[in-house]
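The values are calculated or read from the model by the stated rules, or taken from the named source; none is laboratory data. Computed from a prediction, not measured in an experiment: that's the story for all the values here. All Cβ positions, even for glycine, are placed from backbone atoms using ideal geometry, and neighbour counts span all protein chains on display. Just the protein is used for accessible areas: all its heavy atoms, side chains included, with ligands, DNA and RNA removed. Shrake-Rupley method; radii C 1.70, N 1.55, O 1.52, S 1.80 Å.
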Amino acid sequence: MDNFIYETPTKVFFGKDEELNVGKIIAGYGAKKVLIHFGGKSAKESGLIDRVKAALAAEKIETVELGGVVPNPELSLVRKGIELCKKEGVDFILAVGGGSVLDSSKDIANGLANPEVDVWDFSMGKAAPARTTRKGAILTISAAGSEMSNSCVISNSETKEKRGYNSPFNRMDFAIENPELTYSVSPYQTACGAVDIAMHTIERYFCPGSDTYLTDSIAEAVIKSSMKAGLDCLADPKNYEARANMMWASSLAHNGLTQCGRSFQLTVHQLEHEVSAMYPEIAHGAGLAALWCSWARYVYKANIPRWLQYAERVWNVDIDFEHPEVSIEKAIDKQEDYYRSIKMPVNLSSLNVRKEDLPELALKCSRGKTRTLAGFKPLAYEDILAIFQMAY
């Protein structure tokens, strides 16, 4: 087991009606004026924003609103949010939504607190936040895990780049998780969420490391539970227990718990970021489903024992030790069948990605052939292109 630091400073308020306590929670941080950041009209039409504003008003906390966050959150709106916060004297950012809203809020919080730095420099690795603004979240979709993660992913539509950066300043001070707020999530987005949640831990499972049997057991439980919860939510959207398990899995899958003792590199996420940067209409979870099985078939021979463990423990495959590759391929096929069962794509062509764009996607992912993605099997430009071609 490798050395590691595990820190999860985000305080979670989990359960029914917890969003009604948001005023008291934020008052505890001494906030005077809050930016309520959200996505589309559903947050308004459902009455959630009004309930949040009432809870804040009860504590004599002023508010200003900024909606319009889209999937693959845009740098342009982040910049708008920073300027609005400066103008209004905002001292707390409240994200009401899913991963895109949370990531946009994180970037606004960092940009506001570090005005001497161009906020896009954080995403490009040219600078790191030295401080941040207080922030919290009311989660309305189970997927990205941004509510407890140290990551932030932002898209720049001008350059067609999608970049993520990790920082302890990306941690939310608190996250309110009421599973009932996810009842109205569409079947498609529910399925995308199930993919994304499991993938955050599946990718950690295949990062280099050894002798992590406790971490492995936790990871396997998160993977299997999130996939089961996804199926149960699709069968009955108002199944509270299914929504609750899926929401909690979202937080555990991406807060660092399932990587303790192993290195960290979300390789398939890196591949998918290039796809949804070029095609912003593609949902992140759908892109991951379209890529993972091809990536798995390309890399598994680099660590047969690890993949056999995954096949046996996650997919209950009876291991044929004389023909181990057959057992691994059965497990990958089972995962592909799962994606089909929840109506997720298993190739890029079904997402209308153009075949002629694959070399450019590989070139961008490899940073102009200067970057190799780490893992049991490192991936240079030629490998990345081969995976994109397999996934087409």
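Observations
- Filtered by the rule that a residue be in a helix (DSSP H, G or I) and either open to solvent by 20 Å² or more (accessible area, probe 1.4 Å) or touching a strand residue (DSSP E or B) at 6+ places or on another chain (Cβ under 7 Å) (or both), the range 339-356 gives Arg340, Ser341, Ser349, Ser350, Leu351, Lys355, Glu356.
- Every residue from the range 357-374 that is surrounded by 19 or more Cβ atoms within 10 Å (Cβ to Cβ) and part of a loop (DSSP other than H, G, I, E, B): Ser366
- For the range 53-67, the criterion of a residue being assigned to a helix (DSSP H, G or I), touching a residue at least 60 places away in the same chain (Cβ under 8 Å) and within 28 Å of Ala242 (Cβ to Cβ) is satisfied by no position.
- Residue tally, condition over 13 Å from the mean Cα position of the chain (by Cα) and of a type outside the set (Ser, Thr, Tyr), over the range 265-279: 6
- Test: residue in the range 43-63 that is in contact with a strand residue (DSSP E or B) (Cβ under 6 Å, 6 or more places away or on another chain) and either under 26 Å from Tyr165 (Cα atoms) or among the aromatic types (Phe, Trp, Tyr) (or both): no
- Tally, over the range 70-112, of residues that are open to solvent by less than 20 Å² (accessible area, probe 1.4 Å), under 30 Å from Met278 (Cα atoms) and aliphatic (A, V, I, L, M): 11
- For the range 26-49, a residue qualifies if it is of a type outside the set (A, V, I, L, M, F, W, C) and part of a helix (DSSP H, G or I), and the qualifying residues are Ser42, Lys44, Glu45.
- Where a residue in the range 253-268 is within 14 Å of Leu214 (Cα to Cα) and its partner, wherever it lies, is at pLDDT below 95 and charged (D, E, K, R), with Cβ under 6 Å and at least six apart: Gly261/Asp2
- Residue in the range 272-304 that is farthest from Cys365 (Cα to Cα), counting only those that are in contact with a strand residue (DSSP E or B) (Cβ under 8 Å, 6 or more places away or on another chain) and open to solvent by less than 30 Å² (accessible area, probe 1.4 Å): Val299
- Any chance Leu214 is of a type outside the set (Ser, Thr, Tyr), farther than 20 Å from Gly97 by Cα, out of contact with any Lys or Arg (no Cβ under 9 Å at 6 or more places or on another chain) and assigned to a helix (DSSP H, G or I): yes
- The range 224-256, residues that are acidic (Asp, Glu) and within 27 Å of Pro9 (Cα to Cα): Glu241
- For the range 351-387, taking the residues that are within 22 Å of the chain's Cα centre (by Cα) and among the small types (Gly, Ala, Ser), the one that is farthest from Ser210 (Cα to Cα) is identified as Ala362.
- Selection from the range 187-201 of residues that are in contact with a helix residue (DSSP H, G or I) (Cβ under 6 Å, 6 or more places away or on another chain) and among the aliphatic types (A, V, I, L, M): Ala194, Val195, Ile197, Ala198, Met199
- Entry remark, the range 112-164: residues being of a type in the set (Ser, Thr, Tyr), out of contact with any Asp or Glu (no Cβ under 6 Å at 6 or more places or on another chain), assigned to a loop (DSSP other than H, G, I, E, B) and at pLDDT 95 or above number 5 in total.
- Just one of the listed residues (Phe321, Phe388) is more than 22 Å from Cys207 (Cα to Cα) and either modelled with pLDDT under 95 or in a helix (DSSP H, G or I) (or both), and it is Phe321.
- When Gly164, Gly145 are screened for being of a type in the set (Gly, Ala, Ser), within 14 Å of the chain's Cα centre (by Cα) and either within 15 Å of Ser104 (Cβ to Cβ) or surrounded by fewer than 21 Cβ atoms within 10 Å (Cβ to Cβ) (or both), only Gly164 passes.
- Within the range 31-48, being within 24 Å of the chain's Cα centre (by Cα) and crowded, with 19+ Cβ neighbours inside 10 Å holds for Leu35, Ile36, His37, Phe38, Gly39, Ala43, Leu48.
- Candidate set from the range 232-271 (those that are among the acidic types (Asp, Glu) and in a helix (DSSP H, G or I)); member that is surrounded by the fewest Cβ atoms within 10 Å (Cβ to Cβ): Glu241
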